[in-house]
Structure formats: structure tokens, C-alpha cells
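Q: After the C-alpha cells below, expect a handful of questions from me.
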Amino acid sequence: MKKITFISVGILLALLSHLHAQTHSLVKKWETDSIFKTPESVLYDAKSKILYVANMDPASGDKGGHGFIAKVGLDGKVIAMNWVSGLTSPKGMGLYKNLLYVAELTDVAIIDIDKAQIVKRVPVEGAVFLNDITISKSGAVYVSDSRTLKVHRIEKGFVATLLQNLKGPNGLLAIGNDLLVLDKGSLIKMLDNGQLTTISEGMDPSTDGIEMVKPNEYLVSSWSGVVYYISANGEKETLLDTRAQKMNTADIGYDKKNRIVYVPTFYRNKIVAYELK
């Protein structure tokens, strides 16, 4: 009897531990029809209360300039599908002083939001597949290249290589003087002194988008179909796993105030909105 009791208590403790660990969840609010063309990234604009959706069209990294940015309402209704067109494989985006920065294949395109047009392109020498963008409070633009395994910084029009010899950099997030990088299943931080430290690891290797929920806690998406919650101690919770359905979760957007996560589904050509609980 004692043996059975010990085993039962052990099982109970394991279950309680699991329940305690899973403290967050995603609840679907809405989804669009399959109206987009390989949506790779969603960016939430808190000032204008709209979404920008980068459509690669097609997904293969086409150099013909068929990509475009769509402007979408927070209810999922399209405001302007081809808001800005003529982009080459647009992916990650960042906002700074009424300008929208977009990662193309080898350039960073700069869009004047009021004019809804590309006003400048910054070429990145040696770039092959620029992927994500983040912008610091001072206006420094960081862009990852998932093929050359580098992260570049653009300041005052000048491009410098910040990191190289990574494993597969994609998602970026500038916080104060630090830079967070998603690197093939790991979340690493580059400190102000240039040192690298690992925050979390062991995620699906297709890590893609990152958003901060609150200081030291993050949402991370993996392109193959997983969304994680990363706690301050580096532990991760799986909030969404659509790999079996082959529905991708590419570069996510996040409305911090209302706790809404916007997920581009890439090949499914739609956007899905979830509330973070």
C-alpha cells in the first residue's frame, strides 16, 4: 500500500508541476480568408491602430519586385491590399519617425507612410537573404541575413556588420542598449559591450519572430508552426503548435496593450489573431 501511495503522490506532483508550468495560452479571436500572397511578417502600428503585412509573392525569394505591403485593420479587414508595391521579397519591418523600414533580399527599403511610397533603398553589400528588422530608440536599424549568417547595423545610411558566423539568425529585437537575436532555435542577447549570452534554447530551429510581452518575457514564433512564451528565467511554454496541420507561424506582430498576437501563416495566405491569456 505504501508503494502505491508513493507512486500516486509522484504522479500527482508531476501533474501539478505541469499545470503550474503552463501559465499562458493563446485564444483565437479571428482569422482572415486566404487573401494574401505569402504573408511573411505582420507589424502592429500602435499610433495608427493598423497592421502592416509584408507579402513576399512568391515565397522563393523572387527578384522581380512582385512583393507588396498590405494595410489591414485590427479586425482583419483589408484597408489597402497593395498599399505599397514593387518590393523584392519583403519580410521583416520596423517603424521609426513615420518611416517604415522593410527587409528585401539585399536592400532595406524605406517607405514614407504618409506618401505610401518607397523613398529610399539602402543596399547591404554581400547580402543574400535579409530577413528581420528591428530599430532602436535612437534610430539604429538592425537587419539579419539568414543565408550569410550575419546581423548588420545601419546608422545614418552607413552599413556595418555587427555579428557574423551565427547558426541561422532571423528574428531581432532591440531593447535599450541590448540586441536580442533568434538564432536557429536559441534566443541570444548581445550586450552593450558586445558579449553574447544565451537566454533560452531548445526551440524549433526555424525560430522567426520575437516580441516583448514585458521586461525579460517574450513571445517567439518558429516558422514551422510553433509559438512559445519565454519567461524571465529562460523557460519556454508552447502556446501554439500547428506543425501537424502544416500551418506556418512566421514573423508575428504584437499589440502589447490589448495582448493580441498577429500570426502570418505564410503558405496558407491568411492572418490569424490570438489573445494572449
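Q: Out of everything in the range 149-191 that is charged (D, E, K, R) and touching a Leu at 6+ places or on another chain (Cβ under 9 Å), what residue ends up being surrounded by the most Cβ atoms within 10 Å (Cβ to Cβ)? Steps first, please.
A: Initial filter on the range 149-191 (charged (D, E, K, R)): 150, 153, 155-156, 167, 178, 183-184, 189.
With the extra rule that they be touching a Leu at 6+ places or on another chain (Cβ under 9 Å), the set shrinks to 150, 153, 167, 178, 183-184, 189.
Details: K150: 21, R153: 17, K167: 11, D178: 13, D183: 24, K184: 17, K189: 15.
Per the stated criteria, the residue is D183.
Q: Now for a different question. Is it the case, given these coordinates, that S138 is surrounded by fewer than 19 Cβ atoms within 10 Å (Cβ to Cβ) and of a type in the set (S, T, Y)? Break it down stepwise before answering.
A: On the way: surrounded by fewer than 19 Cβ atoms within 10 Å (Cβ to Cβ): yes; of a type in the set (S, T, Y): yes.
Considered against the rule, which asks whether it is surrounded by fewer than 19 Cβ atoms within 10 Å (Cβ to Cβ) and of a type in the set (S, T, Y), S138 comes out as yes.
Q: To continue, here is another question. Checking the conditions here, which among A232, A174 is modelled with pLDDT of 95 or more and touching a Phe, Trp or Tyr at 6+ places or on another chain (Cβ under 7 Å)?
A: On the way: A232 fails: touching a Phe, Trp or Tyr at 6+ places or on another chain (Cβ under 7 Å).
So the residue among A232, A174 that is modelled with pLDDT of 95 or more and touching a Phe, Trp or Tyr at 6+ places or on another chain (Cβ under 7 Å) is A174.
Q: Has the range 247-269 got at least one residue that is farther than 26 Å from K49 by Cα, modelled with pLDDT of 95 or more, surrounded by 15 or more Cβ atoms within 10 Å (Cβ to Cβ) and among the small types (G, A, S)?
A: Scanning the range 247-269, I find no residue that is farther than 26 Å from K49 by Cα, modelled with pLDDT of 95 or more, surrounded by 15 or more Cβ atoms within 10 Å (Cβ to Cβ) and among the small types (G, A, S), so the answer is no.
Q: Would you mind telling me which numbered condition in (1) of a type in the set (V, I, T); (2) surrounded by fewer than 19 Cβ atoms within 10 Å (Cβ to Cβ); (3) closer than 19 Å to A70 by Cα V84 fails?
A: (2)
Q: Quick one: which of V213, V226 is of a type in the set (A, V, I, L, M) and farther than 13 Å from D251 by Cα? Full working, then the answer.
A: Numbers: V226 fails: farther than 13 Å from D251 by Cα.
None of the others qualify; the one that does is V213.
Q: In addition: More than 14 Å from the chain's Cα centre (by Cα), over 30 Å from T238 (Cβ atoms) and of a type in the set (F, W, Y) - does that describe any residue in the range 124-136?
A: Checked against the condition, which is being more than 14 Å from the chain's Cα centre (by Cα), over 30 Å from T238 (Cβ atoms) and of a type in the set (F, W, Y), the range 124-136 yields no hits at all.
Q: Can you find a residue that is closer than 30 Å to S48 by Cβ and out of contact with any Lys or Arg (no Cβ under 7 Å at 6 or more places or on another chain) anywhere in the range 191-208?
A: yes
Quick grid of which residues meet (1) part of a loop (DSSP other than H, G, I, E, B); (2) on the phi > 0 side of the Ramachandran plot:
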| residue | (1), (2) |
| --- | --- |
| G65 | yes, yes |
| V72 | no, no |
| I111 | no, no |
| V122 | no, no |
| E125 | yes, no |
| N131 | no, no |
| T134 | no, no |
| K137 | yes, no |
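One line per residue, one yes/no per condition, for (1) modelled with pLDDT of 95 or more; (2) surrounded by 13 or more Cβ atoms within 10 Å (Cβ to Cβ); (3) β-branched (V, I, T):
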residue: L43; (1), (2), (3): yes, yes, no
residue: P58; (1), (2), (3): no, yes, no
residue: G64; (1), (2), (3): no, no, no
residue: V72; (1), (2), (3): yes, yes, yes
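Q: May I pose another question? Restricting the search to the range 225-246, which residues are open to solvent by less than 70 Å² (accessible area, probe 1.4 Å) and under 16 Å from P39 (Cβ atoms)?
A: Answer for the range 225-246, where residues must be open to solvent by less than 70 Å² (accessible area, probe 1.4 Å) and under 16 Å from P39 (Cβ atoms): G225, V227, T242.
Q: Something else: Kindly evaluate E31 against the criterion of being touching a residue at least 60 places away in the same chain (Cβ under 8 Å), open to solvent by 60 Å² or more (accessible area, probe 1.4 Å) and not polar (S, T, N, Q). Give the derivation first.
A: Values: touching a residue at least 60 places away in the same chain (Cβ under 8 Å): yes; open to solvent by 60 Å² or more (accessible area, probe 1.4 Å): yes; not polar (S, T, N, Q): yes.
In short, yes.
The values are calculated or read from the model by the stated rules, or taken from the named source; none is laboratory data. The model shown is predicted, which means the values in this text are computed figures rather than measured ones. Don't worry about glycine lacking a Cβ; one is built from the backbone with ideal geometry, like all the others, and counts go over all protein chains shown. For the accessible areas, the whole protein counts, side chains as well, though only heavy atoms, and no ligand, DNA or RNA atoms are used. Shrake-Rupley method; radii C 1.70, N 1.55, O 1.52, S 1.80 Å.
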